[in-house]
1. Say whether the condition of being modelled with pLDDT of 95 or more and more than 21 Å from PHE117 (Cα to Cα) is met by at least one residue in segment 2-16.
2. Of the residues that make up segment 68-88, is at least one open to solvent by less than 40 Å² (accessible area, probe 1.4 Å), assigned to a strand (DSSP E or B) and modelled with pLDDT of 95 or more?
3. If you take the residues in segment 151-170 that are basic (Lys, Arg) and over 19 Å from PRO8 (Cα atoms), which one is modelled with the highest pLDDT?
4. For segment 140-154, how many residues meet the condition of being open to solvent by less than 20 Å² (accessible area, probe 1.4 Å) and either touching a Ser or Thr at 6+ places or on another chain (Cβ under 7 Å) or over 23 Å from ILE169 (Cβ atoms) (or both)?
5. Sort through ARG128, ARG177, ARG185 and tell me the only one that's crowded, with 17+ Cβ neighbours inside 10 Å and part of a strand (DSSP E or B).
6. Of all residues in segment 93-125 being within 30 Å of ALA30 (Cα to Cα) and of a type in the set (D, E, K, R), which is surrounded by the most Cβ atoms within 10 Å (Cβ to Cβ)?
7. So, ARG178, is that one closer than 22 Å to VAL96 by Cα and at pLDDT 95 or above or not?
8. So, in segment 1-25, exactly how many residues are open to solvent by 30 Å² or more (accessible area, probe 1.4 Å) and over 17 Å from ARG159 (Cβ atoms)?
Amino acid sequence: MLIDQFLPTFDVSERHSVRVHASAPSTFAALKTADLGGSVLSRALLFLRAVPGALMHGMDGLRALAARRHEPISLSTFESAGFRILAERSPEEIVVGLEGRFWAPSGALCTPSAAEFLRRAPLPGTARAVWNFTVRSVGDDATELATETRVLCADRSTRLRFLPYWVLIRLGSGLIRRTMLTAIRRAAEGTRVRY
């Protein structure tokens, strides 16, 4: 898997999957266009995560965040927020990366290019996250759609700061990932996301 090239060792990981009644190419196309924040739950959790960073910019930051709260959330939305598409093998896998201090209100993102991701370790005091979506055919017009998140901390002191944050957000993060999988599944199957 491509994710193994970018983060073969990690401190924490989480994986979720769903069966999709659509072909692998249709499912892969849906993952690139689906509204990943289509559920009220995932949109609320993503909004809550963004509030501390918005507060750092005062009322202007809160107004900007509020103005975006109803916009569709796609992979390109994540890219504009500091995530980086690291690799893609269509229609099998796409890998997204992020580096920063996720536990800090601003996130202090400093995500390197894909080449730098492969060339160097995370910067001291940061954590590196890699998140993928995989699409695997499991029969006639049936696909397994999965996502895995992996995080590697640069050093022991970073790990001591990150792990309490992970314990706090892990449940919400998992819920977001599962609702994203559901949104992609429904888009691939041609059904409307309803929550």
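The values are calculated or read from the model by the stated rules, or taken from the named source; none is laboratory data. What you are looking at is a predicted structure, and each value in this text was computed from that prediction instead of being measured. Don't worry about glycine lacking a Cβ; one is built from the backbone with ideal geometry, like all the others, and counts go over all protein chains shown. Accessible surface is based on the protein model in full, side chains and every heavy atom, while ligands, DNA and RNA are left aside. Shrake-Rupley method; radii C 1.70, N 1.55, O 1.52, S 1.80 Å.
1. Of the residues in segment 2-16, the ones modelled with pLDDT of 95 or more are 2-16.
From the residues that got through so far, the ones that are more than 21 Å from PHE117 (Cα to Cα) too are 15-16.
For segment 2-16, residues modelled with pLDDT of 95 or more and more than 21 Å from PHE117 (Cα to Cα): present.
2. Yes, there is a match, as at least one residue in segment 68-88 is open to solvent by less than 40 Å² (accessible area, probe 1.4 Å), assigned to a strand (DSSP E or B) and modelled with pLDDT of 95 or more.
3. We begin by selecting, within segment 151-170, every residue basic (Lys, Arg); these are 156, 159, 161, 170.
Checking the rest, the ones that are also over 19 Å from PRO8 (Cα atoms) come to 161, 170.
Values: ARG161: 95, ARG170: 92.
The selected residue is ARG161.
4. 6
5. One residue alone meets the criteria, ARG128.
6. Restricting attention to segment 93-125, the residues satisfying the condition of being within 30 Å of ALA30 (Cα to Cα) are 93-100, 102, 107, 109-118.
Subsequent filtering for residues that are of a type in the set (D, E, K, R) retains 93, 99, 116.
Working: GLU93: 18, GLU99: 25, GLU116: 12.
Here the residue is GLU99.
7. So ARG178 fails the test.
8. Number satisfying all stated conditions: 11.
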